[in-house]
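Each remark here refers to the structure printed beneath this line.
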Amino acid sequence: MRTFFLAEKAALIYCVGLGLLTMEMAVLSLIGIKFSVFSLSVCIVPIIAAAVLIPPRRWDSPKPFSVIEKFFIGAIAFEVLYAFFRTLIMPMEGYDAIAIYALKAKIFYLAGAIPHDFLTALKGFVPHIEYPLLIPLAETSFYTFLGSLNDLAVKVIFPLYYLSLLVVFYSVLKRFLNRKQSLLFTFLLATLPQVTDFATNGYADLPFAFYCSSAIFYLYLWMREKQKSFIILSFILSILAMWTKTEGLIFALINAVIAVIYSVKERSSATMGYAYAALSVLMVGAYLFIGRSLGLAVNSDFVSSKASILTRLTTGFERIPAILYEYQIQFFGPKRWNLIWILFIAGLIIGFRKIFSKNLMPVTASIILVLLGYTGVYMISCSPQGIGWHLSTSGSRLFLHFVPLVALWLALMFKELNLDL
Amino acid sequence: MRRIVVRLILAAWVIIWAIFLIRPYFKKDLLDRYSSLIKLSTEAKRAFVTGEDLYAFIKFCKESIKERATYQVEGIEKDSIEHRRFKYYMYPDIEAKNPEYIFIYKTKHLPQDGYKVFSRMNSETYILRKTDKKT
């Protein structure tokens, strides 16, 4: 079946393929096989080849581009090229990029595997040893294929995620909106300073934004078009989000909730929805179980307190003013977000009656649940540097994770309100 | 009317986009930075980003000691970005307690029992090596 557009398929092959490759690398390490071009290619090449052979869905018959469409395409192309330029002009330099991801990648590459004593022998040396391994292993795979440790060239991974995010976002929109409207909202997403900055700095947040947002995009497409391939893809993306950052656990649970709400309403596809939700919860449980078996915290920023999560959540209410203060800094900060959060708030007010309409409900509910989930995380956080430090260093990054979802919500609201350019 | 509002919002968006795209070129001298970086080799870019002095010190340490050694470093604030870069570039040499080497970076001599000067870059930047083989 022609389900995916050609460019969309290419973007998914890159991001899903890379994610699955890193999972294969973890398995290779477990069974004692060293990383090599052959061992890395043996599983992933047939999967990619099979994906390439699936015939793509066709775009509408081509019409000449209007001036405004040409402007959007030019601006998006400029931002993408500029992101590649900014990425490749300097080696790894961001704090987490070098301290966590690049260091782990170097360790894995030089060892030719994830060392069997990685979690014990290097515990004091590598910060946040408990973090998921998709990004370090993706960098290691790049070094393995390249045959050398080039910490400048490896950064190309990140703008490719940015490009993939834009392609997938446009392809999703194109199913509901016309070309001009789809380009408009892709332009808005492409030109957000926070998105472009994180497309270049070697952090895991933009790849994570790709996986967690796309998981919701395809869950939403399944709800609208009822194609099984969408819900299967959503589930894979959801797992890859967990494999990229721990926050993926929150998104997997949110997706499960959304699937259950939908299945209660739409009995015709309820079985798939319930199965999706059950498997998502199972995967979250498996992640937590494996982490606990290995003696790892879910996130070491949350282990210093001996109080139970419930007690911390109760006392965490005192932090709500500080959390809301950080949120308003993000909402009204054009330096990072241009007008997107202001437009979102305006959309909530103007389109209040439509926010839980059939077409908007899954996306609205996801955004609300993500905000509640992240607020809950801040309430129970016991970062050694204090909540103020935790908010100021992570707030803008957490907002980045679901900003593509907000852009989708704006596009859908645009259509619901019968607006045009 | 609705179309005009949408177009005004888009115009405001484009203006804000342009401002924050151009601003770093004036506020952070981005043009100078990029024009310097574009001419450099990968190695020189690493030195540029890390800081010339610190990068020279890292190279000095790596070239002076045996591979896969343990070390501690004095003169670089713990957990600072410089410390993280130092650890990254030094790996597979690992920071550890009771190390084989102590690296002294731009710091006046710190007496260290059981260690003696092994290699010197200058009067305030040098390497100490453990002398007591029993510990």
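Here are a few things to note about the model shown:
- Selection status of A:MET23, within 30 Å of B:ALA18 (Cα to Cα) and either surrounded by 14 or more Cβ atoms within 10 Å (Cβ to Cβ) or touching a strand residue (DSSP E or B) at 6+ places or on another chain (Cβ under 8 Å) (or both): no
- Within the stretch A:163-191, being within 14 Å of chain B (Cβ to nearest Cβ) and either on the phi > 0 side of the Ramachandran plot or under 16 Å from the mean Cα position of the chain (by Cα) (or both) holds for A:LEU189, A:ALA190.
- Restricting the stretch A:336-358 to residues that are surrounded by 18 or more Cβ atoms within 10 Å (Cβ to Cβ) and of a type in the set (A, V, I, L, M), the residue that is nearest to B:ILE22 (Cα to Cα) is A:LEU339.
- Qualifying positions in the stretch A:240-249 - touching a helix residue (DSSP H, G or I) at 6+ places or on another chain (Cβ under 6 Å) and either surrounded by 24 or more Cβ atoms within 10 Å (Cβ to Cβ) or within 21 Å of A:ALA270 (Cα to Cα) (or both): A:LEU240, A:ALA241, A:MET242, A:THR244, A:LYS245, A:GLY248
- All positions within the stretch A:134-151 that are among the hydrophobic types (A, V, I, L, M, F, W, C), closer than 20 Å to A:PHE118 by Cα and either surrounded by fewer than 22 Cβ atoms within 10 Å (Cβ to Cβ) or in contact with a His (Cβ under 7 Å, 6 or more places away or on another chain) (or both): A:LEU149
- Options A:PHE38, A:PHE71; residue that is at pLDDT 95 or above and either within 14 Å of chain B (Cβ to nearest Cβ) or crowded, with 16+ Cβ neighbours inside 10 Å (or both): A:PHE71
- Whichever residue in the stretch A:74-95 is at pLDDT below 95 and touching an Asp or Glu at 6+ places or on another chain (Cβ under 9 Å) and, among such residues, is farthest from the other protein chains (Cβ to nearest Cβ): A:MET92
- When A:ALA102, A:ALA49 are checked against the criterion of being of a type in the set (A, V, I, L, M) and closer than 28 Å to A:ALA190 by Cα, a single residue qualifies: A:ALA102.
- Odd one out for B:ASP32, checked against (1) under 17 Å from A:TYR82 (Cα atoms); (2) within 11 Å of another protein chain (Cβ to nearest Cβ): (2)
- None of A:ALA83, A:ALA105, A:ALA97 is among the hydrophobic types (A, V, I, L, M, F, W, C), buried (at least 21 other Cβ atoms within 10 Å of the Cβ) and closer than 23 Å to A:TYR287 by Cβ except A:ALA105.
Condition check ((1) of a type in the set (Ser, Thr, Tyr); (2) more than 24 Å from the chain's Cα centre (by Cα)) across all residues:
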{"site": "A:ILE44", "(1), (2)": "no, no"}
{"site": "A:PHE65", "(1), (2)": "no, yes"}
{"site": "A:ALA83", "(1), (2)": "no, no"}
{"site": "A:MET92", "(1), (2)": "no, no"}
{"site": "A:LYS104", "(1), (2)": "no, no"}
{"site": "A:TYR109", "(1), (2)": "yes, yes"}
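- Residue within the stretch A:360-378 that is touching a residue at least 24 places away in the same chain (Cβ under 8 Å), within 14 Å of another protein chain (Cβ to nearest Cβ) and within 22 Å of the chain's Cα centre (by Cα) present: no
- Test: A:SER383 is touching a residue at least 60 places away in the same chain (Cβ under 8 Å), within 28 Å of B:LYS27 (Cβ to Cβ) and hydroxyl-bearing (Ser, Thr, Tyr): no
- Flag for A:GLU8 being in contact with a strand residue (DSSP E or B) (Cβ under 9 Å, 6 or more places away or on another chain), part of a helix (DSSP H, G or I) and at pLDDT 95 or above: yes
- Flag if A:ALA204 is buried (at least 22 other Cβ atoms within 10 Å of the Cβ) and closer than 18 Å to A:PHE251 by Cα: yes
- Residue check for B:LYS59: part of a helix (DSSP H, G or I), surrounded by 13 or more Cβ atoms within 10 Å (Cβ to Cβ) and more than 9 Å from every other protein chain (Cβ to nearest Cβ): yes
- One residue stands out in the stretch A:123-141 among those that are assigned to a loop (DSSP other than H, G, I, E, B) and under 17 Å from the mean Cα position of the chain (by Cα): the one that is farthest from A:MET23 (Cα to Cα), namely A:TYR131.
- Scanning the stretch A:387-415 for residues that are within 13 Å of chain B (Cβ to nearest Cβ) and either closer than 16 Å to A:ALA346 by Cβ or touching a residue at least 40 places away in the same chain (Cβ under 8 Å) (or both) yields A:ALA407, A:LEU410, A:ALA411, A:MET413, A:PHE414, A:LYS415.
- Any hit, the stretch B:7-28, residues being in a loop (DSSP other than H, G, I, E, B) and in contact with a strand residue (DSSP E or B) (Cβ under 9 Å, 6 or more places away or on another chain): no
Matching residues to (1) assigned to a helix (DSSP H, G or I); (2) of a type in the set (D, E, K, R); (3) at pLDDT 90 or above:
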{"position": "A:VAL284", "(1), (2), (3)": "yes, no, yes"}
{"position": "A:VAL298", "(1), (2), (3)": "no, no, no"}
{"position": "A:ARG312", "(1), (2), (3)": "yes, yes, no"}
{"position": "A:ILE323", "(1), (2), (3)": "yes, no, yes"}
{"position": "A:ILE329", "(1), (2), (3)": "yes, no, yes"}
{"position": "A:LYS335", "(1), (2), (3)": "yes, yes, yes"}
{"position": "A:TRP341", "(1), (2), (3)": "yes, no, yes"}
{"position": "A:SER357", "(1), (2), (3)": "no, no, yes"}
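- Selected residue (only one of B:TYR105, B:TYR55, B:TYR115, B:TYR34 is within 23 Å of A:LEU110 (Cβ to Cβ) and not charged (D, E, K, R)): B:TYR55
- Selection of the stretch B:94-105 for residues being assigned to a loop (DSSP other than H, G, I, E, B) and either within 14 Å of another protein chain (Cβ to nearest Cβ) or exposed (fewer than 15 other Cβ atoms within 10 Å of the Cβ) (or both) yields B:ALA96, B:LYS97, B:ASN98, B:PRO99.
- The lone criterion from (1) of a type in the set (Val, Ile, Thr); (2) more than 20 Å from the chain's Cα centre (by Cα); (3) over 30 Å from A:PHE344 (Cβ atoms) left unmet by B:ILE15 is number (3).
- Residue count, the stretch B:62-93 (criterion: in a loop (DSSP other than H, G, I, E, B) and surrounded by fewer than 13 Cβ atoms within 10 Å (Cβ to Cβ)): 8
The values are calculated or read from the model by the stated rules, or taken from the named source; none is laboratory data. A quick note: this is a predicted structure, and the numbers were derived from the prediction, not measured. Please note: Cβ atoms are built from the backbone with ideal geometry, for glycine as well, and neighbour counts cover all protein chains shown.
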